[in-house]
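Comments concern the structure below.
The values are calculated or read from the model by the stated rules, or taken from the named source; none is laboratory data. These numbers were taken from a predicted model, which means no experiment stands behind them. Note that we place each Cβ from the backbone using ideal geometry, even for glycine, and neighbour counts take in every protein chain shown.
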Amino acid sequence: AQKITQTQPGMFVQEKEAVTLDCTYDTSDPSYGLFWYKQPSSGEMIFLIYQGSYDQQNATEGRYSLNFQKARKSANLVISASQLGDSAMYFCAMTSRQMGKLIFGQGTELSVKP
Amino acid sequence: GAVVSQHPSWVICKSGTSVKIECRSLDFQATTMFWYRQFPKQSLMLMATSNEGSKATYEQGVEKDKFLINHASLTLSTLTVTSAHPEDSSFYICSARDTAGASGTYEQYFGPGTRLTVT
């Protein structure tokens, strides 16, 4: 069965510090994709970063990087130099060739303190 | 590029009435669109997968007669909540997959969501 898990319901981080949001997944499909999305209070889903199962290097997009540990089935999001505007819900998501659809983790609410 | 719109962005309706929500891919064609539902402080739950020109595939537990999905063209899918009740109040989000997307990429593009309140 395909599953994706975020075990941190809420996280606090001081402005300008780095923070890691955890995500673990489970799939038997060798071809899959992992995503992180940010959802501010407005509700829109903002795509942050993508990691394919065959990608050799960890994905990076500006202040966002994905710590992909395939053997441990984890895909943690690292946000460097946190900003007040980073306060939002963050969702880890997975899809696979087999699944054809995106499934989401439970989400982590990140609060950045000034 | 890759913009998905939803209309309306919010709607209030009376119990027992039906509400239609539109999801459009503005600058790409989408053979497949997805409809999600999200309650406050919870994750997105996939309701159904909408395929252009064919019947939607509903997730387990989703009433197909209550949530009617039509995907009549490569740029438009609609979700109709029939005989809405207060428990149907939720945030509904659609997403679309680019038909012409490179093989092996799985990215979906999300609409801004529709907030439905049933009184």
Review point. How many residues does the stretch A:9-27 contain that are among the hydroxyl-bearing types (Ser, Thr, Tyr) and in contact (Cβ under 8 Å) with a residue 60 or more places away in the chain?
Key: 2
Check your understanding: Is it the case that the stretch B:26-47 has a residue that's in contact (Cβ under 8 Å) with a residue 60 or more places away in the chain, part of a loop (DSSP other than H, G, I, E, B), under 21 Å from A:Ser41 (Cβ atoms) and within 11 Å of chain A (Cβ to nearest Cβ)?
Key -> no
Study note, to complete from the structure: Filtering the stretch B:86-119 for residues that are part of a loop (DSSP other than H, G, I, E, B), surrounded by fewer than 19 Cβ atoms within 10 Å (Cβ to Cβ) and either within 14 Å of chain A (Cβ to nearest Cβ) or at pLDDT 95 or above (or both) leaves a count of 10
**Study point:** Flag if B:Ile21 is in contact with a Phe, Trp or Tyr (Cβ under 7 Å, 6 or more places away or on another chain), away from chain A (no Cβ under 11 Å) and either part of a strand (DSSP E or B) or buried (at least 20 other Cβ atoms within 10 Å of the Cβ) (or both)
**Key:** yes
Study note, to complete from the structure: Among residues of the stretch B:49-68 being among the aliphatic types (A, V, I, L, M) and at pLDDT 95 or above, the residue nearest to the chain's Cα centre (by Cα) is B:Leu68
Exercise for review: Return a yes/no flag: does the stretch B:12-26 have any residue that is at pLDDT below 95 and of a type in the set (Asp, Glu).
Suggested key: no
Check your understanding: Does B:Ser83 count as in a loop (DSSP other than H, G, I, E, B), more than 10 Å from every other protein chain (Cβ to nearest Cβ), hydroxyl-bearing (Ser, Thr, Tyr) and in contact (Cβ under 8 Å) with a residue 60 or more places away in the chain?
Key -> yes
Review point. Do you know which residues across the stretch A:45-90 are surrounded by 13 or more Cβ atoms within 10 Å (Cβ to Cβ), within 30 Å of B:Thr114 (Cβ to Cβ) and among the charged types (D, E, K, R)?
Key: A:Asp86
**Study point:** Index of the failed condition, A:Arg72 passing every other in (1) out of contact with any Ser or Thr (no Cβ under 9 Å at 6 or more places or on another chain); (2) part of a loop (DSSP other than H, G, I, E, B); (3) on the phi < 0 side of the Ramachandran plot; (4) modelled with pLDDT of 95 or more
**Key:** (1)
Check your understanding: In this structure, is B:Lys55 more than 17 Å from B:Ile21 (Cβ to Cβ), free of Cβ contacts under 8 Å to residues at least 40 places away in the same chain and of a type in the set (D, E, K, R)?
Key -> yes
Exercise for review: Considering (1) more than 12 Å from chain B (Cβ to nearest Cβ); (2) without any contact (Cβ under 8 Å) to a residue 40 or more places away in the chain; (3) acidic (Asp, Glu), say which one A:Glu44 fails and leave the rest.
Suggested key: (1)
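When the residues of the stretch B:49-73 are narrowed to those that are in a strand (DSSP E or B) and within 10 Å of another protein chain (Cβ to nearest Cβ), which ends up farthest from B:Pro112 (Cα to Cα)?
The extreme case among them is B:Thr57.
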